[in-house]
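Heads up, the thing below is written out as structure tokens.
The values are calculated or read from the model by the stated rules, or taken from the named source; none is laboratory data. Everything numeric in this text was worked out from a predicted model, so none of it was measured. For neighbour counting, all protein chains shown are included, and Cβ atoms are generated from backbone atoms with ideal geometry for every residue, glycine included. In case anyone asks, the SASA skips ligands and DNA or RNA and just uses the protein heavy atoms, side chains included. Shrake-Rupley method; radii C 1.70, N 1.55, O 1.52, S 1.80 Å.
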Amino acid sequence: MNQYMDNIDAFLQENEQSIIKDLQTLVRIKSVSEEQSPVKPYGQGCRDVLDKALELGAALGFDTRNYEYYCGSVSLGTQEKDIAIWSHLDVVPEGEGWATPPYAAEYQDGFVIGRGSDDNKASAVLGLYLMKFLKEQQVPMRYQVKLMLGCNEEKGMADTAYYLAHYKPAALSLIADTEFPVCYGEKGVYEADIAFDLKEGNLLAFDAGLASNIVPAKAAVRVKNLAGTTSLPETEWITPTLQGDEILLEARGVSAHAAFPDGSQNAIASAVDYLLAHNLLDECLVPLFTFLQRATNTCHGEAYGIAFEDELSGVLTCNSGMLHLKDGVLTLNMNIRYPITDDADKITASIRKTAEQAGGKLVSVEDSKPNYFDKNHPAVSLLTQIYNDCTGDNKQPYTMGGGTYARKLPNAIAFGPGLPGPTRDLPAGHGGAHQPDEYKSIESLKKALKIYIISILRLNELEL
């Protein structure tokens with residue numbers, strides 16, 4: 001292995017511009033997974049980005065395969081056993097508030113900026129250049145190395161279900177969609193809708209949220225001006241407008257990933273707080289909005305009696321991701337990440353009871369059960385040690401609330417490529433995954449690629 005170590009830094013330097021260019025190429029394709037699109041299975045954008053990623057792999061001399069546009073692969077070698085590196089090419093909706101166009105993939109001062117640059121297209125590029133290094137160095141591999149490219153990760157991971165139903169999983173899958181070092185456990189991911197039938201009241205419109213797994217940064221509300229209010233104050237989070245006999249509220253928040261909501265500001269909460277504080281609601285709506293106030297101003301399930309936690313994975317998180325009024329029905333969507341030792345049935349019972357007490361009804365539930373990989377598996381300790389040796393850190397394997405392909409695949413752990421590194425000076429709620437102005441540091445990507453190269457070289461010595 002030592003004969004390859006001296007060549008890694010030179011390889012990274014020689015390929016830096018190509019890495020930037022390929023990442024920009026993928027980011028420029030809007031690839032929000034759309035299961036309702038007439039272009040199956042996930043819409044034209046996901047087809048286009050998968051085609052382009054496979055084209056990049058073929059141009060580097062690798063074998064490629066398209067699994068009916070559910071996912072694809074780029075592979076090196078023909079060995080029976082394989083190590084798979086999973087990334088996803090689909091992205092969350094871009095939202096608003098960007099300083100640069102979200103799909104322009106601008107390169108500024110060492111950063112590629114755009115939706116999907118960090119989550120998760122950088123990992124696809126990492127996988128391509130990892131295999132390029134192995135190929136150029138003619139490393140004798142005992143395992144096939146395969147980059148897997150998914151197209152439905154942000155919308156439920158049905159791409160992996162299709163793949164497993166028709167194709168053989170890898171001997172070991174590394175999910176490149178989290179922070180280093182090794183994540184060996186993930187909380188359950190639970191999504192639900194509560195519907196409130198509004199037969200009366202002065203609420204005319206309420207629209208907030210783009211996706212369940214994003215803390216909403218914007219909400220728009222219209223109410224009938226029952227009291228004939230002539231003046232309302234603007235606040236940090238609210239811009240009110242009087243328009244005839246209606247009041248319009250433009251509500252703001254600070255976005256975040258649903259798995260990590262602490263420190264964010266939910267725009268739904270901003271709007272609800274203002275409506276109640278300024279007595280803008282018909283009396284019959286006050287109990288409902290008092291419940292919504294509790295639900296949207298807390299992020300650990302306190303409003304539903306489900307503030308569970310365990311020593312293994314920490315506290316439950318609960319994001320009120322969307323609230324929309326349509327055809328007289330106000331629907332609240334929530335995204336919950338629950339501890340590994342808890343179960344969805346207990347959560348459902350508590351939410352159903354709370355919803356009914358608030359005058360609503362639990363109308364849909366989707367549950368992705370927690371994932372737990374044996375912490376004592378030799379790959380866990382090996383990869384953790386490699387990371388610490390490369391960085392000088394002393395980190396330990398961990399569990400988290402984020403959901404990755406590891407929960408859907410056998411023999412899978414999440415491993416990077418997130419690293420501490422250069423950051424951009426941006427307002428709160430900007431720059432990260434699922435936020436406006438999402439970016440990827442090329443310096444951090446190169447460091448992660450080096451860790452991955454060393455990791456594959458070392459895993460090549462293990463019996464899997």
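Mean silhouette area of region 1-74, derived from the convex hull of its C-alpha atoms and averaged over all directions, reads 6.1 nm².
To the nearest 0.05, how large is the calculated FRET efficiency for residue 385 and residue 349 if R₀ is 41 Å and r is the Cβ-Cβ distance? All intermediate terms of the calculation are to be shown ahead of the outcome.
Numbers: r = 43 Å, r/R0 = 1.05.
E(calc), rounded to 0.05, equals 0.40.
What is the dipole size for the chain, taken about its Cα centre, with +1 at each Lys and Arg Cβ and -1 at each Asp and Glu Cβ, in debye to the nearest 20?
The dipole of the chain has a size of about 820 debye.
Using a simple spin-label model with pseudo-atoms 7 Å out from Cα toward Cβ, residue 424 and residue 224 lie 4.6 nm apart. A simple spin-label model places the labels of residue 164 and residue 234 5.2 nm from each other, with each point 7 Å out along Cα-to-Cβ.
Its residue count N fixes a reference of 2.2 N^0.38 Å for region 82-139, and the Cα radius of gyration divided by that reference is 1.41. Alpha-carbon geometry of the chain: the Rg and the Dmax are 23.5, 79 Å, given in that order. Note that region 211-226 has calculated 3J(HN,Hα) couplings of 7, 4, 9, 10, 5, x, 9, 8, 9, 10, 10, 10, 9, 5, 7, 5 Hz, one per residue in order, obtained from phi through the Karplus relation 6.51 cos²θ - 1.76 cosθ + 1.60 (θ = phi - 60°); glycine and proline are x.
Taking every C-alpha pair closer than 8 Å and separated by at least 6 residues, the mean separation divided by the residue count of the chain gives a relative contact order of 21 percent. In percent, rounded to a whole number, the relative contact order of region 201-319 is 24, using alpha-carbon pairs under 8 Å and six or more apart.
Can you work out the accessible area per residue across region 378-418, with the rest of the protein chains kept in place, probe 1.4 Å, in square angstrom?
Working: 1410 Å² over 41 residues.
Heavy-atom SASA per residue in region 378-418 reads 34 Å².
May I ask you to give the percent of accessible area on region 361-464 that is carbon plus sulfur, with a probe radius of 1.4 Å? Show your work: numbers first, answer last.
Numbers: 2030 of 4420 Å².
The C+S portion of the solvent-accessible surface of region 361-464 is 46 percent.
Only one residue of 435, 10, 318 has its Cα farthest out toward the positive end of the dipole of the chain, where Lys and Arg carry +1 and Asp and Glu -1 on Cβ, and that residue is 10.
State in Å² the accessible area per residue of region 24-165; use a 1.4 Å probe, count heavy atoms of protein chains only, and round to the nearest integer.
Heavy-atom SASA per residue in region 24-165 reads 36 Å².
Computed over the Cα atoms of region 297-447, the ratio of the radius of gyration to the Kirkwood radius (Rg/Rh) comes to 1.03.
The trypsin sites (Lys or Arg not before Pro) found in region 355-450 that occupy coil by DSSP, while having at most 14 further C-beta atoms within 10 Å, are 395.
Work out, in µm²/s and without decimals, the Stokes-Einstein translational diffusion coefficient of region 1-158 at 4 °C, 1.567 mPa s, Rh from Kirkwood over C-alpha pairs. Spell out each step's value before the answer.
Details: Rh = 16.3 Å.
Estimated via Stokes-Einstein, D reaches 80 µm²/s.
Less than 5 angstrom separates the built amide H of residue 172 from those of 82, 84, all sequence-distant by 5 or more or on a different chain.
For region 359-430, the Kirkwood estimate of the hydrodynamic radius, built from every pair of different alpha carbons, is 15.7 Å. Here region 106-158 has 42 percent of its accessible surface on carbon and sulfur atoms, given a 1.4 Å probe and all protein chains in place. Going down the list 30/218; 155/187; 132/446; 21/395; 155/447, which pairs span over 24 Å between their C-alpha atoms? Going by Cα-Cα distance, 21/395; 155/447 fall outside the 24 Å limit. Answer with one residue from 334, 371, 421: the one whose Cα lies farthest towards the positive end of the charge dipole of region 334-434, charges on Cβ with Lys, Arg +1 and Asp, Glu -1. Going by the Cα projections, it comes out as 334.
If I compute solvent accessible area with a 1.4 Å probe over the protein chains, what percent of it on region 288-342 is carbon and sulfur? Spell out each step's value before the answer.
On the way: 1010 of 1950 Å².
Answer for region 288-342 is 52 percent, counting heavy atoms of protein chains only.
A simple spin-label model places pseudo-atoms 7 Å from Cα toward Cβ; at residue 372 and residue 310 they are separated by 0.5 nm.
Once the gyration tensor of the Cα atoms in region 28-120 is diagonalised, the equivalent ellipsoid follows with semi-axes of 26, 18, 11 Å, ordered largest first. Only helical runs count toward this figure. For the chain, summing -39,500 (n - 2.57) over DSSP H runs of n ≥ 4 and dividing by all residues gives -9500 deg cm²/dmol at 222 nm. Give me log10 I(q)/I(0) at q = 0.17 Å⁻¹ for region 141-208, Debye formula, one equal scatterer per alpha-carbon, no solvent. For the requested q values the scattering log ratios are -0.88. Dividing the radius of gyration of the alpha carbons in region 206-348 by their Kirkwood radius gives 1.02 for Rg/Rh.
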